[in-house]
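For reference, the structure is listed below as structure tokens.
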Amino acid sequence: MTTLQPPPVKSGTLVLTAPLSGQLVPIETVPDPVFAQKMVGDGVSIDPLSQVLLAPCDGEIVQLHSANHAVTIKTAGGLEILMHIGLDTVALKGKGFTPKVGMGDRVKTGDPLIAFDADYIALNARSLLTQIVVTNGDRVAEFKPASGLVNAARDPILELVLVAATTAGDDAAGPTVISQAIIIPNPVGLHARPSAVLVQLAKKYQSTLRIRRGSDSANARSVVAIMGLEIARGDTVTLEATGVDATAAIAELEAAVRDGLGEAGATAVALASASIAQSAISAPAPRPKSDDPSIILGVAASPGVAVGNTYHLRRQEIRVEENGDSPNAERRKLDQAMGQAMLEIESLRAKVHGQGDPSKAAIFAAHQELLEDPELMDIASSAIDKGKSAAFAWQQTYRAQADQLAQLKSELLAQRANDLRDVGDRVLRILTGVKEETLVFPANTILLAEDLTPSDMANLDPARVVGFCTIAGGSTSHVAILARSMGLPAIAGIEPRILDLADGTPVILDGTKGRVKLNASVAELEQTQDRIARQKARQARDLEHAFEPAITQDGRQIEVVANIGSQKDAEDSLKVGGEGVGLLRTEFVFMEASSAPTEDEQEIIYADILRVLGPDRPMIIRTLDVGGDKPLPYMPMAHEENPFLGERGIRLGFDRPELMRTQFRAILKASTAGKARVMFPMIARLEEIDMAKAVMEEERLRLGVPPIEIGIMIEVPAAAVSAERFAEKVDFFSIGTNDLTQYTLAMDRGHPKLAPFVDALNPSVLRMIDLTVRGADRHGKWVGVCGGVAGDPQAVPILIGLGITELSVSVPVIPAVKAQVRALSLAHCRDLAQQALNLDSAAQVRDLVPMEEG
């Protein structure tokens, strides 16, 4: 037997006037399930023709989203009318919207609420459809939407038949249950869509439900109230339920919030989502292990060979008192220590920035982001409130969080635990007054450690430390990046038995092969030292002739240019004979910033580098090349199962057109300062180059600047195979052999087990290069190489033999590459290349060109 509920008692009507001119659209047909399924509330949608949102009724502004895309009016009768401009517009972070009201303002029907740029929103959001919904629909007995075209401030769009007021019942009786702390994983926090999902779940339960962030809280059944908290990604919240079904409610709601409330791109956040690269990298392979007691194996972290004596770095132990003074006093101590640590890290960042390496400066910028992580402060403050000292609370907090990160399956994320320990140790030393030990190492030290931190690296004396080995870390760690920039041979992830060696043990460290040789004879040690000395002498000779052109003995000139990331790199390249820039990695401009650099900021950077090079030296500017595998902290991206095959390079530009157009305009405006060329990364389809060129030409015509040469990176097999077709559309190719190799061989070049096989001299990769050059030749276009193999002495003759006419290399090897070219003949190079194409392995190819030792 079905029990029929009595119909609601009706009490008057409210008519909403059109807030925009346009075509009315039934809410059920909006292409967003949260609105179409009326999770936010019932109402109507408008496809707008006007660009100023007006008040549809009299009332008070009770919510204005920080992204300025949504506003709520509360009428005198208590109805809450939410207006949401566009779909997915929260991701625009306020760009394109200009609010005309503020919280608490009283408005009349027809008053302007928000002005918006319809063109910008149409290009950068999913839809312009604007929703007008009643979020507390239990107060409405009947919705009567209008249809057709409407005029703003004149035509009715929705008649609401109201429910008569009733006496509120008693508050829910029953136990109170509070959830565990939840870190919000949603890319842009709890905006309308996830808030609506939470509200729908909450409505299933009788209990009173609230969501809390710190001292602020909101009714979990109110979309407006939740949005009013402006809960952002990474914020820590708890849920509280009181009533007969409180336990069940918290169980379901906590799990749903923790999982992102069904929103795409919501991935679990352990800590500091803004500063930790979120890459979907597979679990690391087993640690290398040697069967030879005289050989200890690890992962090649920084190339080079060093001979020296071991020295074990032992960490300073800091003792802390568990109990503290009053919570207020301890919180002040922690705040002061955090502020001092921020200043110290800024000093380190400025120090490495002055050395001209943006990638090193970006590491310490990430450390500053870690210091500002709210989760760390929330947990530490909670312990302080329980009577713990600031030092004890902080130590427990950062070590626990670092341990949590270290257990993650993603190798890259696990390695970031070391960054957190570095930051945590710095704050702890300040809190306890313990001075950092000044370490003086013996000459020719091979440093051994459980792990090193970026701060250790910044203070290392390369005149005394000639190399290092760590048990932890990997080739992608920040310490490995710093070691490579310093030219310091290094091995990470080495067998733990390395720490059993007594200080002063003589060893040979090979950072290129990831191995340490023990028990070397005196003769072996002397031979290795002689080889290093001969290499240094050769480097000095090469530098003396660095400004001579790189022309083979039979007259083929090869342009030797630099891969750079900053103006300092460009200046350094000119000191060692660089003939221009073959790759400006513009992502470093973005990585150093806390938000996307503006058009003017980018223009200044590019133009300054062009002026350093002068009017005759070319500079190839690669457009932004980031993605899921190397994200920017201020640019949330959806989780990708395989980011190497996802939204990278030019694909990201098409998805974020304003970001791409801003950079294109900056490049075009800067191009008048020198000989600029532009290059698009990750081009795989012909239509991609057509689209990119069309956008570039559109911006060029608007600016009225001369055309510049346009090229593409050949880094995916599809581009190499279709090189002849691509050559019709561009002025040049530059082969990115690092990615081309891993895509051709289907091997991750950072994988500890597979890395030795990821060799650009594999005959399959060489055939891709050969196809590229042949396709370019048919249209009279030139081909360069900007990947790591361009500076490999065993690869240089083969590349020249295949028809490469430009080698873009790291700054330090420019003199050596030019010297090698001058010792070659084109005829011999061509013979080597043809032999290489018909071999079976990279090892066989390398045997064609034996390494010279000095």
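The values are calculated or read from the model by the stated rules, or taken from the named source; none is laboratory data. Computed from a prediction, not measured in an experiment: that's the story for all the values here. Cβ coordinates were reconstructed from backbone atoms using ideal geometry, including for glycine residues, and neighbour counts include every protein chain displayed. Note: areas computed on protein heavy atoms with side chains; ligands, DNA, RNA excluded. Shrake-Rupley method; radii C 1.70, N 1.55, O 1.52, S 1.80 Å.
Quick notes
- Karplus 3J(HN,Hα) series, Hz, for the range 135-149 with 6.51 cos²θ - 1.76 cosθ + 1.60 (x for Gly, Pro): 7, 10, x, 5, 8, 10, 7, 7, 9, 10, x, 7, 8, x, 7
- Paramagnetic label zone (point 7 Å from Cα along Cα-to-C-beta, Leu543; backbone N under 17 Å) in the range 790-818: 810-818
- Cα-derived Rg to Rh of the range 110-150, Kirkwood definition: 1.06
- Taken as Cα centroids, the range 489-563 and the range 102-121 sit 65 Å apart, rounded to the nearest whole angstrom.
- Gain in span if fully extended, Ala718 to Glu322, counting 0.36 nm per residue against the direct Cα distance: 136.5 nm
- Three principal axis lengths of the chain [C-alpha, angstrom, descending]: 99, 69, 53
- Over 21 Å (Cα to Cα) - which of Lys333/Lys386; Lys575/Lys818; Lys38/Lys108; Lys74/Lys100; Lys333/Lys435; Lys100/Lys144 fall in this group: Lys38/Lys108; Lys100/Lys144
- Karplus-derived HN-Hα couplings along the range 800-811 (A = 6.51, B = -1.76, C = 1.60, θ = phi - 60°), whole Hz, x at Gly and Pro: 4, x, 7, x, 5, 10, 9, 10, 9, 10, 5, 3
- C-alpha long axis of helix 686-703 to longest principal axis of the chain, angle in °: 80 degrees
- Percent of Cα pairs exceeding the 28 Å cut-off, where the set is the range 64-210: 32 percent
- Under the Karplus curve 6.51 cos²θ - 1.76 cosθ + 1.60, θ = phi - 60°, whole-Hz ³J(HN,Hα) for the range 505-516, x wherever Gly or Pro sits: 6, x, 9, 10, 9, 10, x, 6, 9, x, 8, 10
- Potential extension, Gln535-Glu159 segment - 0.36 nm per residue separation minus Cα distance: 126.9 nm
- Ranking Ser217, Ser207 by solvent-accessible area of protein heavy atoms (1.4 Å probe, all protein chains present), from largest to smallest, gives Ser217, Ser207.
- Crossing angle, helix 390-406 versus the chain [Cα axis fit, 0-90 degrees, rounded to tens]: 70 degrees
- Taking a sphere under 12 Å around the Cβ of Pro303 and counting the other residues whose Cβ falls inside, with K and R at +1 and D and E at -1, yields a net charge of 0.
- If both residues of a DSSP beta bridge must be in the chain, then about 65% of such bridges are antiparallel.
- Accessible-area value, Glu317, 1.4 Å probe, nucleic acids and ligands omitted, Å²: 150 Å²
- What you get for the chain, charging only the Cβ of Lys and Arg (+1) and of Asp and Glu (-1), is a dipole of about 360 debye around the Cα centre.
- Net length gained if the chain between Asp403 and Ala255 were fully extended (0.36 nm per residue, minus Cα distance): 51.0 nm
- Projecting label points 7 angstrom from Cα along Cα→Cβ for Thr109 and Lys204 puts them 4.0 nm apart.
- Cut-off 10 Å between beta-carbons: net charge of the residues surrounding Gly775, Lys and Arg +1, Asp and Glu -1: 0
- Efficiency of FRET between Arg725 and Thr598 - r from beta-carbon atoms, R0 51 angstrom, step 0.05: 0.90
- Ordered from largest to smallest accessible area (heavy atoms of protein chains, 1.4 Å probe), the residues Asp58, Asp840 come out as Asp840, Asp58.
- Stokes-Einstein diffusion coefficient of the range 773-854, Kirkwood radius over Cα pairs, 25 °C, 0.890 mPa s, in µm²/s: 185 µm²/s
- The range 567-601 and the range 752-801: distance between their alpha carbon centers, rounded to Å: 24 Å
- Accessible-area order (highest first, 1.4 angstrom probe) of the listed residues Met486, Met660: Met486, Met660
- Taken about its Cα centre, the range 491-574 carries a charge dipole of roughly 240 debye when the Cβ of each Lys and Arg holds +1 and the Cβ of each Asp and Glu holds -1.
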